[in-house]
Amino acid sequence: GQVHRLLPHCPYGFAAELARISHLKQLYDIDSSLVALSFPRSGSGDLQFQQVIRQLRSLDMLWTGQNDERQFALFLMPLTEKDGVAGYMNRIEAGLQQTFQATLAEAEIRFYSMPVKERDADRDLKMIYDQVRAA
């Protein structure tokens with residue numbers, strides 16, 4: 001669909017899930033979120049990235065990638081509004097504090113999130129994807 005015109009390399013399952021949760025918003029006003037995290041390419045950055053990936057919740061859909069400076073994870077979080085995202089990020093940060101004694105800021109981990117809207121979700125995905133890949 002539309003996602004693949006904007007982001008040809010988006011995994012099929014991720015694009016399909018985005019369409020599904022956007023449709024849920026349209027039909028039933030059910031909130032879902034799009035979250036992205038970007039990590040430096042470094043020894044500790046790699047370990048932190050792996051730790052965050054391992055904390056994936058069962059409902060969530062993940063798309064990962066990297067460029068020369070950063071590696072990134074985009075998450076679709078169905079049935080999760082901004083309070084849920086805040087709780088998730090608090091858990092991520094607590095885990096990093098525990099394992100690496102670092103806050104998100106200290107680890108140079110960048111975080112973006114937005115609600116999945118009933119239309120133009122594909123454009124929002126492209127915007128967050130471009131942000132998360134910027135050095």
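Scanning the range 12-42 for residues that are outside any helix (DSSP H, G or I) and more than 24 Å from residue 107 (Cα to Cα) returns 29, 30, 31, 32. Among the conditions (1) modelled with pLDDT of 95 or more; (2) over 18 Å from residue 103 (Cα atoms); (3) in a helix (DSSP H, G or I), the only one that residue 4 does not satisfy is (1). All conditions but one from (1) out of contact with any Lys or Arg (no Cβ under 7 Å at 6 or more places or on another chain); (2) at pLDDT below 95; (3) within 17 Å of residue 108 (Cβ to Cβ) apply to residue 70; the one that does not is (1).
Taking the criterion of being over 23 Å from residue 129 (Cβ atoms) and of a type in the set (Ser, Thr, Tyr), the only residue of the range 60-101 that qualifies is 99.
I'm trying to understand the selection: among the residues of the range 3-23, which are surrounded by fewer than 17 Cβ atoms within 10 Å (Cβ to Cβ) and farther than 23 Å from residue 66 by Cα?
As a first pass, look at the range 3-23 and keep what is surrounded by fewer than 17 Cβ atoms within 10 Å (Cβ to Cβ): 4-6, 8-9, 11-13, 16, 19-20, 23.
Matches in the range 3-23: 19, 20, 23.
The numbered conditions (1) over 25 Å from residue 9 (Cα atoms); (2) in contact (Cβ under 8 Å) with a residue 60 or more places away in the chain are all true for residue 125 except (1).
The values are calculated or read from the model by the stated rules, or taken from the named source; none is laboratory data. Here the structure is a predicted model, which means the values were calculated and not measured. Counting neighbours? That spans all protein chains shown, and the Cβs are built from the backbone with ideal geometry, glycine included.
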